[in-house]
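The next block holds one structure in the form of structure tokens; read it before the comments.
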Amino acid sequence: MKKLGLATAVLLAMTGAHAYQFEVQGQSEYVDTTANDKNFTGTAQGTYYFKNVDASKGPLAEAAFLNQASNVSVAYNYIKYDEKDTVNVESHTYGVKGEAYLPTPYLPVYASASYNHTINDFKDGVSDDNGDRYALEAGAMLLPNFLVAVGYTSVADQISLDAFGVNKYGIAKAVGESVAIDEKQDAVTARTKY
């Protein structure tokens, strides 16, 4: 019984709010509709923060933002998609991203840059496809914990995805974003975060 109590105490101590400097995220989706047959995705992302992130300031999911923690991230996304009699593709997306929060005498400023590369291996006779995607974003913290940012995204190939977007929002939104950009190849974004 003492071993169980000790194991429980250690587990509870590890789940408390502590500072952290490295974060690993992952997700997987299973897609089964009438158009396709049992397809899935898998995503992994690792983030290194240049200073400790104090997790006691608020929700754990927002701790890095609340701490204005500059970071660098890498991500990988795997997709296996097979649509009846039309598309059969295996896709790999690799990404790297950096975010910086810089104090200034007036307002803290924010900058972000990301690069993603997608490799598509079509199994149904369609030629294989590779695509790059770049994104830049700049903004300012107008109030404490209130970010306003504008950005530019270049999607040279509409099949190239944002590995970080797949991890955060899911495959349907990430594909929809590339489809919405369509052949324009360039998109300007504006967002707020509070």
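Between a first residue in region 25-44 that is more than 18 Å from K173 (Cβ to Cβ) and a second residue that is assigned to a loop (DSSP other than H, G, I, E, B) and of a type in the set (V, I, T), which pairs have beta carbons less than 7 Å apart while being 6 or more apart in sequence or on different chains?
Close Cβ pairs satisfying both conditions: none exist.
Give the residues of region 72-87 that are part of a strand (DSSP E or B) and not polar (S, T, N, Q), sorted by residue number.
Answer for region 72-87, where residues must be part of a strand (DSSP E or B) and not polar (S, T, N, Q): V72, V74, A75, Y76, Y78, I79, K80, Y81, D82, E83.
Every residue, every condition in (1) surrounded by 15 or more Cβ atoms within 10 Å (Cβ to Cβ); (2) free of Cβ contacts under 8 Å to residues at least 60 places away in the same chain; (3) not in a loop (DSSP other than H, G, I, E, B), yes or no:
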position	(1), (2), (3)
G98	no, yes, yes
A113	yes, yes, yes
S127	no, yes, no
R133	yes, yes, yes
G151	yes, yes, yes
S160	yes, no, no
V166	yes, no, yes
S178	yes, yes, yes
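Residue-wise test of (1) of a type in the set (V, I, T); (2) farther than 21 Å from N145 by Cα; (3) part of a strand (DSSP E or B); (4) at pLDDT 80 or above.
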position: L4; (1), (2), (3), (4): no, yes, no, no
position: T8; (1), (2), (3), (4): yes, yes, no, no
position: G16; (1), (2), (3), (4): no, yes, no, no
position: F22; (1), (2), (3), (4): no, yes, yes, yes
position: Q25; (1), (2), (3), (4): no, yes, yes, yes
position: S28; (1), (2), (3), (4): no, yes, yes, yes
position: G42; (1), (2), (3), (4): no, yes, yes, yes
position: Y49; (1), (2), (3), (4): no, no, yes, yes
position: V53; (1), (2), (3), (4): yes, no, yes, yes
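Filter region 154-169 down to the residues that are closer than 23 Å to D121 by Cβ and touching a strand residue (DSSP E or B) at 6+ places or on another chain (Cβ under 6 Å) and list them by number.
Matches in region 154-169: V155, A156, D157, I159, S160, L161, D162, A163, F164, V166, N167.
Quick check, is T93 in contact with a strand residue (DSSP E or B) (Cβ under 9 Å, 6 or more places away or on another chain) and loosely packed, with under 12 Cβ neighbours inside 10 Å?
Considered against the rule, which asks whether it is in contact with a strand residue (DSSP E or B) (Cβ under 9 Å, 6 or more places away or on another chain) and loosely packed, with under 12 Cβ neighbours inside 10 Å, T93 comes out as no.
Kindly indicate whether any position in region 102-118 is in contact with a Gly (Cβ under 6 Å, 6 or more places away or on another chain), farther than 22 Å from E29 by Cβ and not basic (K, R).
yes
For residues that are modelled with pLDDT under 90 and assigned to a strand (DSSP E or B), tally how many sit in region 180-194.
The qualifying residues number 2.
The values are calculated or read from the model by the stated rules, or taken from the named source; none is laboratory data. In this text, all values refer to a predicted model and were calculated from it rather than measured experimentally. Using ideal geometry, Cβ is built from the backbone for each residue, glycine included, and neighbour counts are taken over all protein chains shown.
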